[in-house]
Every structure is written in C-alpha cells, then in structure tokens.
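Asker: Can you read through this structure? Questions will come right after.
Readers should treat all values here as calculations from the given coordinates under stated rules, not as data from a laboratory. Quantities reported herein were computed from a predicted structural model and do not represent experimental measurements. Cβ coordinates were reconstructed from backbone atoms using ideal geometry, including for glycine residues, and neighbour counts include every protein chain displayed.
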Amino acid sequence: MSTDKRTVARTLAKKAFAEGRPLSWFEEIYDLARQEGAAVPWADRIPDPNVLPLFEAIPQAEPLGRALKVGCGYGDDAEWLAQRGHCVTAFDISPTAISECRRRFQNSKVNYLVADLFTVPAEWGGQFQLVWESYTLQVLPANLRPEAIRAISKFIAPGGYLVFASRARNIGEPEGDMPWPLTREEAKEFVHGGLSEILFEDYFDKELPPVRRFRACFKRESNQPTLQTPSSVTPTADVPVAPPPGAADG
C-alpha cells in the first residue's frame, strides 16, 4: 500500500504533539475524512485480518459475554464480535467516528460510545470477558503507552482475555514516523497489569510490502485481581528480524 494516505494524519499528529494535545488529532482526522474525504490510515472498513487468526488459534479466548473494542474507529471489528454473539461495547475518542459507526450500522446491537481511554468510567473495571486492542498503542506517544496499557488491562474480568496487535520493532531500531512500532518488551507490559501470556507471535503480514507485527493473547486468571502491583518480569530477547523496506497501513 502507498504511504501517501498517512501524510495528513502525520501532519495533524505532529502539530498536536507540539502543542501539548496528543489526543486531539484523532477527531481532526475523522472530521477531515467526513468533510473532505481525507484517508483515515487504519480504517479499512473490514474486520482486522491481523487479529482474526487469534480467535482460530485460541478458541477459548472468545468466551461469549461482555466484549469491549478499544478505539473502535468505524466499527468493523465491533460488528464482527456482535455477529458472533458477544454483548459488545465499542468506544472511540472521536465523536465523528462514533457517528459514522451509528450511520453505517443503524440496526447494530453494539453499544457505541464516545470515550477517552484515559478517563473511561470507573465501573468498566473488570467487567469484560474479552477486550480487543489493535493499533491504539502504536499511535500514542511513548510516554502515554504505559498508562494506556494499565487502563486496557483493568477492563478484563477474572478469567477474561485480551487480544492485541501492533507493528513491531527490535530495541535499538529507529521508531520512524507514526505509527510507531512497539518493542517486544512494550507489548509484554500487559503482564505487569496482572495478565498471563497465552500466545505471542512475531511475524510479517501479507501487505505489499510486508510489515513486521506482533499479535498476542493474554488472560487474567480467575484468581487474579483486576489490578496487580507491577513486578519484575524477565524480558524475552528480541529475535533479530530485518524488516523489508516500506510500510503498510494499520
């Protein structure tokens, strides 16, 4: 895929970061998409093909019950979950994105809400049997990611699961432009939130050119509290992988 569609998003993000408002550009890009047809780089309007294989590999990670989609965008992932029988809440910080979800899926069973990951209702803590997070962390500045990981981890009920995907890089490799790939150590910070790693994959996707990614499944054991005090975790060494030139979306 061409990287041209990311130009507007990167320009908006850079300006927002410089002005100390690192989350405001999400609404700006969705509003530009609505008014002027600007591209939302991660919005392919299909369920995420990088996450769906997790449900095939670990079928027990899909307990029917309350599910939460973090940063739902235009709603395709949330609708996929609802069609499989989940009671789905999906939120995005962008009112325009949520408005588009409701327009696209007028008879949807999904509860679409405007919400900020960092200020969600306290009663959401420990209430979801399944949480889906893909690509939110990689568009946040590095200083916000630990807090975001803690916030996401808190949503998961005892016995519940998190499915996760992001771009990937090794420690020491340049981050490049947004979206910023995560290191293996960053991705595994969910363990500090009281979760156990069930599956972790480091792979190249099928985009042209291919993009290196992580996808993973974590579980909160039934006897684990919703929030665990961080403890020392021995990092898994990065596997040296030379990513091909170029990048794809999402």
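Asker: Please report the net charge: other residues with Cβ closer than 13 Å to the Cβ of residue 63, K and R +1, D and E -1.
Answerer: Here the charged neighbours net out to +3.
Asker: Another question, if that's okay. What number, in percent, do you get for the relative contact order of the stretch 1-109 if the mean sequence gap of Cα pairs under 8 Å and at least 6 apart is divided by its residue count?
Answerer: Normalised by residue count, the contact order of the stretch 1-109 is 23 percent.
Asker: For the chain, what does the helix formula give at 222 nm: sum of -39500 (n - 2.57) over DSSP H segments with n ≥ 4, over the residue count, nearest 500 deg cm²/dmol?
Answerer: Taking each H run of at least 4 residues, the total per residue is -7000 deg cm²/dmol.
Asker: Whole angstrom only: what separates the Cα centroid of the stretch 122-172 from the Cα centroid of the stretch 30-63?
Answerer: For the stretch 122-172 versus the stretch 30-63, the Cα centre distance is 15 Å.
Asker: Contact order normalised by length for the stretch 43-219, with contacts defined as Cα pairs under 8 Å and 6 or more residues apart; what percent is it?
Answerer: About 20 percent, as a whole number.
Asker: If you take the charge dipole of the chain about its Cα centre, with +1 on Lys and Arg Cβ and -1 on Asp and Glu Cβ, which of 137, 172, 160 is farthest toward its positive end?
Answerer: Result: 160, furthest along the dipole toward the positive end.
Asker: Taking N as the number of residues in the stretch 43-219, what is its Cα Rg relative to 2.2 N^0.38 Å?
Answerer: Cα Rg divided by the expected 2.2 N^0.38 Å: 0.97.
Asker: Moving to a separate point now. Please get the size of the charge dipole for the chain, origin at its Cα centre, with Cβ charges of +1 on Lys and Arg and -1 on Asp and Glu, quoted in debye to the nearest 20.
Answerer: The dipole magnitude comes to about 320 debye.
Asker: If you take every DSSP beta bridge whose two residues both sit in the stretch 43-219, what share of them, in percent to the nearest 5, is antiparallel?
Answerer: Expressed as a percentage, antiparallel bridges in the stretch 43-219 total about 45.
Asker: Using a Gaussian network model of the chain whose springs link C-alpha atoms within less than 10 Å, name the residue from 157, 122, 187 with the highest mean-square fluctuation.
Answerer: Most flexible of the set in this elastic network: 122.
Asker: Using a 7 Å offset from Cα along Cα-Cβ at residue 17, what residues in the stretch 28-58 end up with backbone N under 20 Å from the label point?
Answerer: The answer is 28-30, 39-43, whose backbone nitrogens lie closer than 20 Å to the label point.
Asker: So, one more: Under a Cβ-Cβ cut-off of 13 Å, what is the net charge of the residues other than residue 96 that fall near it, where Lys and Arg count +1 and Asp and Glu count -1?
Answerer: So the surrounding residues net to -2.
Asker: Taking springs between alpha-carbon atoms closer than 10 angstrom, which of 207, 27, 133 fluctuates most in the Gaussian network model of the chain?
Answerer: Among 207, 27, 133, the largest GNM mean-square fluctuation belongs to 207.
Asker: Pull out the extension gain between residue 118 and residue 196, defined as 0.36 nm times the separation in residues minus the alpha carbon to alpha carbon distance; nm, one decimal.
Answerer: 25.8 nm
Asker: Just to be sure I understand: with springs between alpha-carbon atoms less than 10 Å apart, which residue in 136, 119, 11 has the highest mean-square fluctuation in the Gaussian network model of the chain?
Answerer: 119
Asker: In addition: Kindly identify the stretch 15-98 as rounded, prolate or oblate by the Cα gyration tensor criterion: order the square roots of the eigenvalues as a ≥ b ≥ c, call it rounded if a/c is under 1.5, otherwise compare a/b with b/c, prolate if a/b is larger, else oblate.
Answerer: prolate
Asker: Using the structure shown, select from 109/219; 69/219; 69/109; 154/219 the pairs with a Cα to Cα distance greater than 18 angstrom.
Answerer: Check vs 18 Å cut-off fails for 109/219.
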